[in-house]
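The values are calculated or read from the model by the stated rules, or taken from the named source; none is laboratory data. No experiment lies behind these values; they were computed from the predicted model shown. So basically every Cβ, Gly included, is an ideal-geometry build from the backbone, and we count neighbours across all protein chains shown. Ligands, DNA and RNA are stripped out before the accessible areas are found, and what is left, the full protein with its side chains, is counted by its heavy atoms. Shrake-Rupley method; radii C 1.70, N 1.55, O 1.52, S 1.80 Å.
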Amino acid sequence: MRKLHIDNSFTNSLPKDPVAENYTRQVTSIAFSKAEPLKFPKSSFIHVSKLAKELGFTEEEILSEEFLQLFTGQHLYPHTEPYAMAYAGHQFGNWAGQLGDGRAINLFETLQNEKRWAFQLKGAGPTPYSRRGDGLAVLRSSIREHLCSEAMHHLGIPTTRSLSLALSGEEVLRDVMYDGHPDYEKGAIVCRVAPSFIRFGNFELAAAQGENELLKKLTDYTISTFFTDIKTSGAAAYLQFFQEVTDRTLEMIMHWQRVGFVHGVMNTDNMSILGLTIDYGPYGWLEPYDHGWTPNTTDRQHKRYRYGAQPEIGLWNLLQLANALFPLIEDAPALQKVLDSYKTNYQAQYLDTMMNKIGIYYTHKDDRDLLQALEENLHLHETDMTIFYRELSKIDSKTAITDAFNMISVAFYTINDVEETHKKTWLQWLETYLERLVFDMEQNDGENSAFAKARIEKMNATNPKYVLRNYISQLVIDAADQGDYELLREVYSMLQKPYDEQPKYEKWYALRPEWARSKVGCSMLSCSS
Ligand code: AMP
Ligand code: MG
């Protein structure tokens, strides 16, 4: 294999744990600890994503034994030392103290065309941060992480990437629903790739320990490596850094809301400092539109991380980051101002995103009312979010209102029992919507086919046609469990072009089947992975 341009900026810039042994412990004053992957001599790839080629690996290299050994952790790249990062976090609203990479082992960083990439194995064995865990991962959760990271990337959503999915060749014991029925499952290793895996929690750990020197080093490193547009220094630089993290976090969450992605575990240790979607656990995709929905059974009672709460949870998490950065800035009003900017920017971006989703170009004093009514209507009758928005683009200013209703009603889970009052409410909304389409045409100086075409294009570039529906993942997992990876490849391929019409994948543009309504893995997922 060709020589990689190794550039380990994190470990070269930050303090290392002096203890080299791999046992669970509390650490102080350090950013990372040594942690070697276990050897899995029977490991084999299930899938290598196209990211491998984007990163410059040739077909021959990808197929080589060396590539397999490298990205399953059996062979360490010369002169590199794998490590686990130390971080803390707030979990479900409570301070959880030290957490750290319990089953992620960072291999090295490379520079490729001046872009930095950190390579990290998930599920390759325990680290000093594994606490009571085994450091391993099972096939089902690894498939979900591998497919969804790549799907999100192709949806244009900031995310960590997945290079490869491998079977470890060994079994892992898991109690899927935490109900006292543990069973053996196939073990797997995913190789994740991102410019950096630093989380809010890395800053929180240093701050909670009163390690201001470490906090400063970590922040300086993060700014000089990843926020290179920041030209100021001292408190001004740290404040600008916080503003940029705030902006990126909001941007990421707006994308989630746009496509109906529910992360499921928005703890501060799962919040990337680069604003990337990170840690694909019990995530899910909205099928029936529902602000109150979360796929995470662990969060069933309070639904803290439900779809409709994600924007405000983002803000709550940023507040924790603000507290962590406070010793560097010591200006609470300035930090508050940044947090306030999140709220105002959210309002503006929400309006913008929603107008793109419904394909209305010209602003109008009643925009907010129109959207408010739409959100309410989508909750009236079980309505598939993805299908609804996609079908909406087929309506135009000349569509008759009853036709418009029939067009959107394909997104209804049960078509025959739509209550009369609900139908009436929808007809009212559609009437206003059609008026707005006419108003848009008028603003655009009347009938214009280019304008109509641009509207559809914009809507279809905002509303994906194909998303990784929860039951699709489950079908992939069930087949893969039997050693059949054909469906995985098909779904992976479909998700490369989520906004395009892909006639050969039309069958995946469909309502969730009834059998998946309450099946474990489809609508309910635990943190067990
Ligand atoms: P998560 O909720 O998956 O983000 O994980 C929260 C914390 O638990 C992180 O510090 C993980 O590294 C750790 N963790 C999760 N699963 C395991 C496992 N099987 N072995 C060791 N640590 C784990
Ligand atoms: Mg995590």
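The residues of the stretch 217-357 present an accessible area of 35 Å² per residue when probed at 1.4 Å with all protein chains retained. Spatially, the stretch 443-500 and the stretch 188-254 are offset by 33 Å when compared through their Cα centroids. Placing a pseudo-label 7 Å from each Cα along the Cα-to-Cβ vector at Ala450 and Asn406 gives an inter-label distance of 3.4 nm.
In this structure, Val418 and Glu501 have a Cβ-Cβ separation that, at R0 = 41 Å, corresponds to a calculated FRET efficiency of about 0.90. Of the chymotrypsin sites (Phe, Trp or Tyr not before Pro) found in the stretch 1-77, those in coil by DSSP whose Cβ has at most 11 other Cβ atoms within 10 Å are Tyr23.
Listed by chain and number, the aspartates and glutamates whose C-alpha is less than 19 Å from the C-alpha of Lys34, apart from same-chain residues fewer than 8 away, are Asp7, Asp17, Glu21, Glu81, Asp101, Glu109, Asp134.
Calculate the FRET efficiency for Ile6 and Glu60 from the Cβ-Cβ distance with a Förster distance of 22 Å, rounded to the nearest 0.05. For R0 = 22 Å, the calculated efficiency reads 0.55. Close amide H contacts of Thr159 (hydrogens built in the peptide plane, cut-off under 5 Å, sequence separation of 5 or more or a different chain): Thr277. Given their separation in residues at 0.36 nm each and the Cα-Cα distance between them, Thr432 and Asp481 gain 12.7 nm when the chain is fully extended. Fully extending the segment from His291 to Thr363 would add 23.4 nm, taking 0.36 nm per residue of separation and subtracting the current Cα-Cα distance. Working note: 222 nm ellipticity from helices only, DSSP H runs with n ≥ 4, each -39,500 (n - 2.57), summed and divided by the residues of the chain, gives -13000 deg cm²/dmol to the nearest 500. Close amide-amide hydrogen proximity is noted between Met271 and Phe200, Gly201, each under 5 Å apart and 5 or more residues distant or on a separate chain (H modeled in the peptide plane; Pro and chain starts excluded). Working note: Karplus 6.51/-1.76/1.60 with θ = phi - 60° gives the stretch 410-420 the couplings 5, 8, 7, 5, 10, 8, 6, 10, 5, 5, 4 Hz, where Gly and Pro are set to x.
Across the stretch 35-51, computed HN-Hα scalar couplings (Karplus, 6.51 cos²θ - 1.76 cosθ + 1.60, θ = phi - 60°) run 7, 8, x, 5, 8, 10, x, 9, 6, 8, 6, 9, 7, 10, 7, 5, 4 Hz from first to last residue, x flagging Gly and Pro. Between the amide H of His5 and those of Leu111, distances stay under 5 Å, these residues lying 5 or more places away or on another chain, with hydrogens modeled in the peptide plane. Quote the FRET efficiency, to the nearest 0.05, computed for Glu514 versus Glu376 with a Förster distance R0 of 22 Å and r equal to the Cβ-Cβ distance. With R0 = 22 Å, the Cβ-Cβ based efficiency is 0.30. Share of the stretch 215-356's accessible area from carbon and sulfur, percent, 1.4 Å? Carbon and sulfur: 52 percent of the exposed surface of the stretch 215-356. The magnitude of the dipole of the stretch 429-529, with charges of +1 and -1 set on the Cβ of Lys/Arg and Asp/Glu and taken from the Cα centre, is near 340 debye.
Computed from phi, the 3J(HN,Hα) profile of the stretch 142-154 under the Karplus parametrisation 6.51, -1.76, 1.60 (θ = phi - 60°) reads 6, 4, 4, 5, 4, 5, 6, 4, 5, 4, 4, 4, 6 Hz, with x in place of Gly and Pro. Just how far, in whole angstrom, is the stretch 1-55 from the stretch 85-143 if you go by their alpha carbon centroids? Taking the Cα centre of the stretch 1-55 as reference, the centre of the stretch 85-143 is 9 Å away. Note on Cys527 and Lys303: the extension gain reaches 79.2 nm, defined as 0.36 nm multiplied by sequence separation minus the Cα-Cα distance. Taking trypsin sites (Lys or Arg not before Pro) across the stretch 279-379, the ones in a DSSP loop with at most 12 further Cβ atoms lying within 10 angstrom of their Cβ are Arg300, Lys365.
Counting heavy atoms of the protein chains alone, Glu170 has an accessible area of about 80 Å² for a 1.4 Å probe.
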